[in-house]
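Written below as C-alpha cells is the structure these notes are about.
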Amino acid sequence: MLTGSEIGVVDENAAALGVPRKQLMESSGHAVAQAVRTIADPGDQVTIVAGRGNNGGDALVAARFLDDYDLRVLLLGRPGAISTTIARENWDALQHAEYPAETVTDSAALDLGTPDIVVDAMLGTGIDGDLREPAATAAQAMNESGATVLSVDVPSGLDAETGRLAENAVDADHVVTFHDTKPGLPDLDVPVTVADIGIPDAAELFIERGDLTRLERDPASHKGDNGEVLVVGGGPYTGAPALSAQAALRGGADLVRVACPAVVAREIQSYSENLILRPFDGDHLAPPHVDRLAELAADHDTLIVGPGLGDADATLEAVGDLLSGFEGTAVVDADALSVVPDIETDAELVCTPHQGELLGMGGETAEDWRERADLVESFASEVGQTLLVKGPYDIVSDGEQTRVGRTGNPGMTVGGTGDVLAGVTGALASVQDPLDAAAIAAYTVGSVGDRVVDDRGYGLVATDLLDEIPSVLWQREAEP
C-alpha cells in the first residue's frame, strides 16, 4: 500500500529512470478504459467528469478508447486552468479529434444527465478535507444518479494519506487504482482493480530525484521550525564536527549547536561564524559529561554523535550512556558506531557506517550490491535501527524497507565526506522519518560529489561539498 505522497515520489522516480509521466498517464488511461469495458455494454452512455489535474488527465486519455460507447466528457473548470502540461495535451487531443467534450464553469449549471456509467476523475490522491465546488455538486449528482460510478485512482473525497473519506465524497461502485492500493480503499467494500501501468520496481528501490519531493517548507515557519540539531563531537579531531555542523545548516536545519571539549571549542568555532558552541570541560568526551549533554540533546530535534570523538574507552562509554538514555532521533557516525549493537535505547538511530565500520558493528557485507542489500536489511532488523551503509551503492534499510542510492563517485573517498553526510542526515531527520532522511541525504551528498567532480575533476575535499548541498535539495526540476 502506498499513500498519495508516496505514489508521487514513485512516479517521479519512474520518470528519472526513463518512464515519463506522460507514458504513465497513457497507461493509466488504458486501464480506466478497460475498467469501463468490464462494467458497461457497447452503446451505453458513459459520462466522464474530469478535474483539472492528472487524475482528470487519466480519464481524458481513456475517452479516446471508448468509441464503442455513447460518450460525454465534462471538464470541471476552464481548460486554461488545467494544472499540468500532460493533462492539457490530452484535453487538446480530444478537441482536435472532436470528441464530445464540454466545460462546466458554474456548478449550478452542472447537468449530469442520465448516464449508465459515470467516471469520477475529479480529484486524485493529492486532496484532503471535504469536497469544494464544483466537485461537491458533481459528487452529489453522481451519488443521486442511478448510474454505476467508477472512480479513478481513489473516489473524489478520499484522503489518500490517511484513508479518511469526506462526508460529501463520491460513493463509488468500482475503483480502478494504479500500481498499488491506497489507504482507505480496502475499507470501501467495493471492487478495486489495481492496474499495472508500467512503473518499474526500481522506482521504489532506487533513490532518485522523486525522493526530494518529500521536502517542503512552510512559508510561515519561524526560526527552529525546520530543525534544531546538536552535534556531539570533537576532541582528537576538530574538522569532523565542524563539517557535520555546517552540512546540517546547508541541509536545512535552522539552528545547529556543537557540544565539544573546551580545549578545541575555539578551533571549531573558527571554521564558521554560523556555528553555536556548547563546550564541556576536558579534552575528550567522558561519562561525567553525559548528564549535561542529555539535557542539551532533549532540547533538539536531532542529535548527531560521533564526528571527531575518537575511540578512547571513556569516550565510548559516554556515548553508550548518552544513547541509552536518549529518546529522540540520533545520527550515529564514526567511532560511536561501535557501541550501537550493545546498547538498549528508546531512541531512533540512523547509523552511517562504511563497510569496514559495518563489519566492526557485527554486520556482514558482500561485493554484489544486491547481496549486500539483503545483508544490511537483515542486520538493520537485528539491531532494530536504520542503517545507511556507505559505498559505491549506498544501502539504506530499517529492516523492513530497503533503498539503494547510486549517486557518488571515487573522488568521495577523501576524508570528511562521511561527516558531511552525517550532518545532512541529521538536518533531514529533524523533519523526515529516519529512513527517508537517510535516503535523501545519501542521494544529495552523492549528487553534490558528482557535480563537484564533473566541474573540477578528482581531488575534491569535503568542504567543496558544502555550498552545493542546497542546490541539490531545493533547486530541483520535476517533470511536468
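See the values below:
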read-out: Using θ = phi - 60° and Karplus 6.51 cos²θ - 1.76 cosθ + 1.60, couplings along region 113-127 (whole Hz; Gly, Pro as x); value: x, 10, x, 7, 10, 10, 9, 8, 10, 7, 9, x, 8, x, 10
read-out: Dipole magnitude (debye, nearest 20) for region 404-480, charges at Cβ of Lys, Arg, Asp, Glu; value: 140
read-out: Tensor-based shape of region 385-440 (alpha-carbon gyration tensor, a/c under 1.5 rounded, otherwise prolate or oblate); value: oblate
read-out: Euclidean distance between Cα centres, region 402-479 to region 335-355, Å; value: 21
read-out: Dipole magnitude of the chain about its Cα centre (Cβ charges: Lys, Arg +1; Asp, Glu -1), debye to nearest 20; value: 1360
read-out: Ellipticity estimate at 222 nm from DSSP helix runs (n ≥ 4, -39,500 (n - 2.57)) divided over the chain, nearest 500; value: -11500 deg cm²/dmol
read-out: Mean separation of Cα contacts under 8 Å (6+ apart) over length of the chain, as relative contact order %; value: 12
read-out: Mean separation of Cα contacts under 8 Å, 6 or more apart, over the residue count of region 253-390: relative contact order %; value: 17
read-out: Per-residue ³J(HN,Hα) for region 174-182, Karplus 6.51 cos²θ - 1.76 cosθ + 1.60, θ = phi - 60°, Hz, x for Gly and Pro; value: 9, 9, 10, 10, 10, 6, 7, 6, 10
read-out: Å² of accessible area per residue within region 135-217, as computed with a 1.4 Å probe and no ligands counted; value: 41
read-out: Inverse mean reciprocal Cα-Cα distance (Kirkwood Rh) of region 328-480, Å; value: 15.5
read-out: Whole-Hz ³J(HN,Hα) from phi, Karplus 6.51 cos²θ - 1.76 cosθ + 1.60, for region 105-112, glycine and proline x; value: 9, 9, 4, 5, 9, 5, 10, 6
read-out: Whole-number Å³ per residue for the convex hull built on Cα positions in region 85-218; value: 163
read-out: Degrees between helix 434-456 axis and first principal axis of the chain (Cα, 0 to 90, nearest 10); value: 80
read-out: Solvent-accessible ranking of R217, R403, largest area first, probe 1.4 Å; value: R217, R403
read-out: For region 220-298: Kirkwood Rh in Å [reciprocal of mean 1/r, alpha carbons]; value: 12.7
read-out: Shape of region 124-165, Cα gyration tensor, a/c cut at 1.5; value: oblate
read-out: Part-to-part distance (alpha-carbon centres) for region 165-197 and region 121-158, which is given in Å; value: 12
read-out: Nearest-ten-degree value, helix 85-96 long axis tilted from longest Cα axis of the chain; value: 10
read-out: Amide H contacts under 5 Å for V256, placed H, 5+ residues apart; value: V229, I276
read-out: Kirkwood hydrodynamic radius (C-alpha pairs) into Stokes-Einstein, region 139-254, 37 °C and 0.692 mPa s, D in µm²/s; value: 176
read-out: Angle between the chain longest axis and helix 369-383 axis [Cα atoms, degrees, rounded to 10]; value: 70
read-out: Reference-scaled alpha-carbon Rg (2.2 N^0.38 Å with N residues) for region 1-120; value: 1.08
read-out: For region 312-365: Kirkwood Rh in Å [reciprocal of mean 1/r, alpha carbons]; value: 11.3
read-out: Mean Cβ count within 10 Å, highest first, over the residues of peptides 187-194, 33-40; value: 33-40, 187-194
read-out: Relative contact order for region 53-198, counting Cα pairs under 8 Å that sit 6 or more residues apart, in percent; value: 19
read-out: Packing rank of 73-82, 287-296, 58-67, where each peptide gets the mean count of other beta carbons within 10 Å, highest leading; value: 58-67, 73-82, 287-296
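The values are calculated or read from the model by the stated rules, or taken from the named source; none is laboratory data. Bear in mind the structure is a predicted one, so any value in this text is a computation, not a measurement. Ideal geometry is used to build each Cβ from the backbone, glycine not excepted, and the neighbour counts take in all protein chains shown. The area values use the complete protein model at the heavy-atom level, side chains included, leaving out ligands, DNA and RNA. Shrake-Rupley method; radii C 1.70, N 1.55, O 1.52, S 1.80 Å.
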